[in-house]
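Trainee: Here's a structure for you.
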2 protein chains.
Amino acid sequence: MATIHDVARAAGVSISTVSYALSGKRSIADSTRRRVADAAVSLGYQPHAGARMLAGTRTQIFALTAPLRHDTYAPAHMAFVLAVATAARRHDYDILLLTEDEATKGLSRVASSRLVDGVIVLDVSVRDERIALVQNLGVPTVVIGIPDDPAGLACVDLDFEAATRLAIDGLADRGHRRMALLGHPDEIYERGSNFPIRVRDTFLSHTADLGLPGRFSTSETDSGAVRAALDALLAGDERPTALIMHCQESVQATVLDHLRDRKISVPEDMSIISVGSTFDTTKFSPALDVIPLIPAATCDAAVDILVASLPDPPDPRVQYVAPEYRANGSVAPVPAP
Amino acid sequence: MATIHDVARAAGVSISTVSYALSGKRSIADSTRRRVADAAVSLGYQPHAGARMLAGTRTQIFALTAPLRHDTYAPAHMAFVLAVATAARRHDYDILLLTEDEATKGLSRVASSRLVDGVIVLDVSVRDERIALVQNLGVPTVVIGIPDDPAGLACVDLDFEAATRLAIDGLADRGHRRMALLGHPDEIYERGSNFPIRVRDTFLSHTADLGLPGRFSTSETDSGAVRAALDALLAGDERPTALIMHCQESVQATVLDHLRDRKISVPEDMSIISVGSTFDTTKFSPALDVIPLIPAATCDAAVDILVASLPDPPDPRVQYVAPEYRANGSVAPVPAP
DNA sequence: CTGAAAGCGCTTACAG
DNA sequence: CTGAAAGCGCTTACAG
């Protein structure tokens, strides 16, 4: 393997000139820069990662702590992991993956051995031991999601509150007054990520603010439970004319199956908006209006904040990513009674 | 941050003694070892990762290349990524995650900058550009899955052939003669991982060897397609009495729903075995007999092979992980005509 | 059983 | 615009 000395010799310059020519950290004569670049390419020179870490101030590695809980929805989780890795690469950073059993021990290890320049915390839960840890370690950190107490932290997340209001307002504008929200399994609200709670609470408060009745139900993910939950949500005289769904893909598919079975047409009899979804709602039949959760949007913002602050920790802040409405034809004016 | 010099001073020894005491690479007096260990703990000493990489011969990092194709089944994929990380940690290795757009460029980068000691290739496809690359780079590599041409490679995978025969033989022993296999979507067979093909081909050849008719069908994953595929598989006079499923979780759930709708009882009217599944088939109703694909088993073997060979590439070989039958009550003797 | 020292391959003040 | 040199914090022959 070629070293910086080999490149220096080939280009006829000193190793410091090679270093500066390649990093651009001081001005170099064009002809020199070219010779160095040519020599580096023809020798297939790649700087030694360990030497850089030792001599320099950066490792170009971030740790990503992404615990898989038993109720984690794998496709969304994967999408976020990938989006973080992709965003990091744009800034020349690699991702070191820390798994659950390593959630704390691993964080200490990689931070204090200076293997990583920063930490990205994924899928933060309401009370998350990783938070106190990174604060103690003093390692620059950005959190994707918002814990109960975000004090002192840099957090990034979709503005689920705004997304929920956007859905409700859009339906209200079309004359809908009776809306329902179908959410995740109970367990998710009891001790999980906090965004389902934010959607639920915003749904209840914002419908109330508008003087509208708001029905909410959780649902387990199996098809029987979904059908039962939906039946309960639609029971009684004052049947909702609009449904907001914040739940996983298979549940939303089952809802559409069940509405079809019950001869409830979308959007003629029932308008539907899918909120905070990471999957493609145009593949459903019918395609659903959606206010998506876009992993790349959130993760790009998170990585940008982290990179910008290095080598210091980022300033504490909660950055909300603005929601975006995508109409796909599943919302219509409220049907005449 | 404490360095090795701080530990040496605190323990009243030289830095080489600290290094050896901590690594155990040469014999050290018990009392010295204890003093060094105490000093290291009380100072919170963690060796500098970059310094180790530069001075030593190992980085204690493996690259994991785990591309997410659009037909990747995320839960299984996640399970494998996690199993690799967990297995690596047992040998004091961390995992650097390489995503798809980095599948080749990233591999070259981390290998030639000597960031990683080895590479683990996940979800290898039939023809995979990553294979030629790692062979060229000369970086120690182990492949999870088996490409078309495994020559020169160390590969690890569940013995899907044996698993399929095990399923067929188990059914044949109970008197079943008409068996069907429900597989993945077509696309998977056309250009994907090779194990679905191995299951399909073994199913067809082994039933033929036994002189039994074997029906095979692919299926898309949406509920309508699954029901149609199943109906086709069960059509005609000679209805199969046993079904082997090698497809994703939601498809298997739909199959059970559909059999229930058609009043076909499991196992009384129809015996079922789930093959190569990564999910929990005891959660279905009824619970299904399964020959599971256990990510930990495969990944442990892969990491063991890689670690054992370092710093050299492992010897070329294809290591098959033996299948294991788990009875859960979904197989019964063939019903009387 | 232990120590003094070379050296891994870079980055970055310090000098000119 | 460029170079000589110190130094990052380890590991590991070399010596005793």
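The values are calculated or read from the model by the stated rules, or taken from the named source; none is laboratory data. Computed from a predicted model, the values in this text were never measured in an experiment. Because the Cβ atoms are built from the backbone with ideal geometry, glycine has one as well, and the counts that use them run over all protein chains shown. For accessibility, only protein heavy atoms count, side chains too; no ligands or nucleic acids. Shrake-Rupley method; radii C 1.70, N 1.55, O 1.52, S 1.80 Å.
Trainee: Restricting to segment A:22-39, what's the tally of residues that are closer than 30 Å to A:ALA111 by Cβ and in a loop (DSSP other than H, G, I, E, B)? Can you show your working first?
Mentor: Keep residues of segment A:22-39 that are closer than 30 Å to A:ALA111 by Cβ, which gives A:22-25.
Next, from what is left, pick out any that are in a loop (DSSP other than H, G, I, E, B): A:24-25.
The total comes to 2.
Trainee: Looking only at segment A:7-56, filter to residues that are more than 8 Å from DNA strand C (Cβ to nearest atom) and within 14 Å of chain B (Cβ to nearest Cβ); which one of those is farthest from the chain's Cα centre (by Cα)?
Mentor: A:LEU43
Trainee: Enumerate the pairs (first residue in segment B:1-16 and part of a loop (DSSP other than H, G, I, E, B); second residue anywhere and aromatic (Phe, Trp, Tyr) and crowded, with 18+ Cβ neighbours inside 10 Å) with beta-carbon separation below 7 Å, excluding pairs fewer than 6 apart on the same chain, so at least 6 apart or on different chains.
Mentor: If the second residue must be aromatic (Phe, Trp, Tyr) and crowded, with 18+ Cβ neighbours inside 10 Å, the pairs left are B:ALA2/B:TYR45.
Trainee: Report yes if some residue within segment B:159-180 is touching a residue at least 12 places away in the same chain (Cβ under 8 Å), closer than 29 Å to B:GLY138 by Cβ and open to solvent by less than 10 Å² (accessible area, probe 1.4 Å); otherwise report no.
Mentor: Scanning segment B:159-180 turns up no residue that is touching a residue at least 12 places away in the same chain (Cβ under 8 Å), closer than 29 Å to B:GLY138 by Cβ and open to solvent by less than 10 Å² (accessible area, probe 1.4 Å).
Trainee: Here are B:SER19, B:SER42: which of them is open to solvent by 40 Å² or more (accessible area, probe 1.4 Å) and either within 8 Å of DNA strand D (Cβ to nearest atom) or not in a helix (DSSP H, G or I) (or both)?
Mentor: Numbers: B:SER42 fails: either within 8 Å of DNA strand D (Cβ to nearest atom) or not in a helix (DSSP H, G or I) (or both).
Sole residue among the options that is open to solvent by 40 Å² or more (accessible area, probe 1.4 Å) and either within 8 Å of DNA strand D (Cβ to nearest atom) or not in a helix (DSSP H, G or I) (or both): B:SER19.
Trainee: What number of residues in segment A:45-56 are hydrophobic (A, V, I, L, M, F, W, C) and either in contact (Cβ under 8 Å) with a residue 12 or more places away in the chain or open to solvent by 40 Å² or more (accessible area, probe 1.4 Å) (or both)? Before the answer, list the steps.
Mentor: Just the residues of segment A:45-56 that are hydrophobic (A, V, I, L, M, F, W, C), to begin with: A:49, A:51, A:53-55.
If we keep only those that are either in contact (Cβ under 8 Å) with a residue 12 or more places away in the chain or open to solvent by 40 Å² or more (accessible area, probe 1.4 Å) (or both) too, we end up with A:53-55.
Final tally of qualifying residues: 3.
Trainee: B:PRO150: under 29 Å from A:MET1 (Cα atoms) and at pLDDT 90 or above, yes or no?
Mentor: Details: under 29 Å from A:MET1 (Cα atoms): yes; at pLDDT 90 or above: no.
So B:PRO150 does not fit the description; no.
Trainee: Determine, yes or no, whether B:ALA132 is among the hydrophobic types (A, V, I, L, M, F, W, C), surrounded by fewer than 22 Cβ atoms within 10 Å (Cβ to Cβ), more than 9 Å from every other protein chain (Cβ to nearest Cβ) and without any contact (Cβ under 8 Å) to a residue 12 or more places away in the chain.
Mentor: Taking the combined requirement at face value, the residue satisfies it.
Trainee: Right, next: Here's a check for you: in segment A:57-71, which residue that is in contact (Cβ under 8 Å) with a residue 40 or more places away in the chain and more than 16 Å from DNA strand C (Cβ to nearest atom) is most open to solvent (accessible area, probe 1.4 Å)?
Mentor: Initial filter on segment A:57-71 (in contact (Cβ under 8 Å) with a residue 40 or more places away in the chain): A:57-67, A:69, A:71.
Restricting the remaining residues to those that are more than 16 Å from DNA strand C (Cβ to nearest atom) gives A:62-67, A:69, A:71.
Details: A:PHE62: 0, A:ALA63: 0, A:LEU64: 0, A:THR65: 2, A:ALA66: 4, A:PRO67: 12, A:ARG69: 56, A:ASP71: 39 Å².
Ranking the qualifying residues of segment A:57-71, first place goes to A:ARG69.
Trainee: Collect the residues in segment A:102-144 that are within 21 Å of the chain's Cα centre (by Cα) and basic (Lys, Arg), keeping them in residue-number order.
Mentor: Result: A:ARG127, A:ARG130.
So that you can scan it fast, the table gives a plain yes or no per residue for (1) in the same structural domain as A:ALA302 (by TED's automatic domain parsing); (2) within 16 Å of DNA strand D (Cβ to nearest atom); (3) aliphatic (A, V, I, L, M); (4) in contact with a Cys (Cβ under 9 Å, 6 or more places away or on another chain):
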{"position": "A:LYS25", "(1), (2), (3), (4)": "no, yes, no, no"}
{"position": "A:THR32", "(1), (2), (3), (4)": "no, yes, no, no"}
{"position": "A:GLY56", "(1), (2), (3), (4)": "no, yes, no, no"}
{"position": "A:ASP71", "(1), (2), (3), (4)": "yes, no, no, no"}
{"position": "A:LEU82", "(1), (2), (3), (4)": "yes, no, yes, yes"}
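Trainee: Does B:TYR93 satisfy being open to solvent by less than 10 Å² (accessible area, probe 1.4 Å) and either farther than 23 Å from A:ALA296 by Cα or within 16 Å of DNA strand C (Cβ to nearest atom) (or both)?
Mentor: Yes; evaluated as a whole, the condition is true for this residue.
Trainee: Scan segment B:304-314 and give yes if some residue there is touching a strand residue (DSSP E or B) at 6+ places or on another chain (Cβ under 6 Å), outside any loop (DSSP other than H, G, I, E, B) and open to solvent by less than 50 Å² (accessible area, probe 1.4 Å), otherwise no.
Mentor: Residues of segment B:304-314 that are touching a strand residue (DSSP E or B) at 6+ places or on another chain (Cβ under 6 Å), as a first pass: B:305-306, B:314.
Still in the running and outside any loop (DSSP other than H, G, I, E, B): B:305-306.
Then keep just the ones that are open to solvent by less than 50 Å² (accessible area, probe 1.4 Å); that gives B:305-306.
Within segment B:304-314 (the criterion being touching a strand residue (DSSP E or B) at 6+ places or on another chain (Cβ under 6 Å), outside any loop (DSSP other than H, G, I, E, B) and open to solvent by less than 50 Å² (accessible area, probe 1.4 Å)), the answer is yes, since at least one residue qualifies.
Trainee: Okay, next question. Name every residue in segment B:85-110 that is more than 9 Å from every other protein chain (Cβ to nearest Cβ) and in contact with a helix residue (DSSP H, G or I) (Cβ under 7 Å, 6 or more places away or on another chain), in order of residue number. Show your work before the answer.
Mentor: Initially, segment B:85-110 is screened for residues more than 9 Å from every other protein chain (Cβ to nearest Cβ), giving B:87-88, B:90-93, B:103-105, B:107.
Those that are more than 9 Å from every other protein chain (Cβ to nearest Cβ) and in contact with a helix residue (DSSP H, G or I) (Cβ under 7 Å, 6 or more places away or on another chain): B:ALA87, B:ALA88, B:HIS91, B:ALA103, B:THR104, B:LEU107.
Trainee: Next question. Step by step: first the residues of segment B:202-219, then only those that are under 27 Å from the mean Cα position of the chain (by Cα) and hydrophobic (A, V, I, L, M, F, W, C), then the one that is surrounded by the most Cβ atoms within 10 Å (Cβ to Cβ). Which residue is that? It would help to see each step written out before you state the result.
Mentor: At the first step, the residues of segment B:202-219 found to be under 27 Å from the mean Cα position of the chain (by Cα) are B:202-207, B:216-219.
Now drop any that are not hydrophobic (A, V, I, L, M, F, W, C), which leaves B:203-204, B:216.
Working: B:PHE203: 25, B:LEU204: 15, B:PHE216: 18.
Ranking the qualifying residues of segment B:202-219, first place goes to B:PHE203.
Trainee: Consider B:SER113 carefully, then state whether it is polar (S, T, N, Q), away from every other protein chain (no Cβ under 14 Å) and open to solvent by less than 40 Å² (accessible area, probe 1.4 Å). Full working, then the answer.
Mentor: On the way: polar (S, T, N, Q): yes; away from every other protein chain (no Cβ under 14 Å): no; open to solvent by less than 40 Å² (accessible area, probe 1.4 Å): yes.
No.
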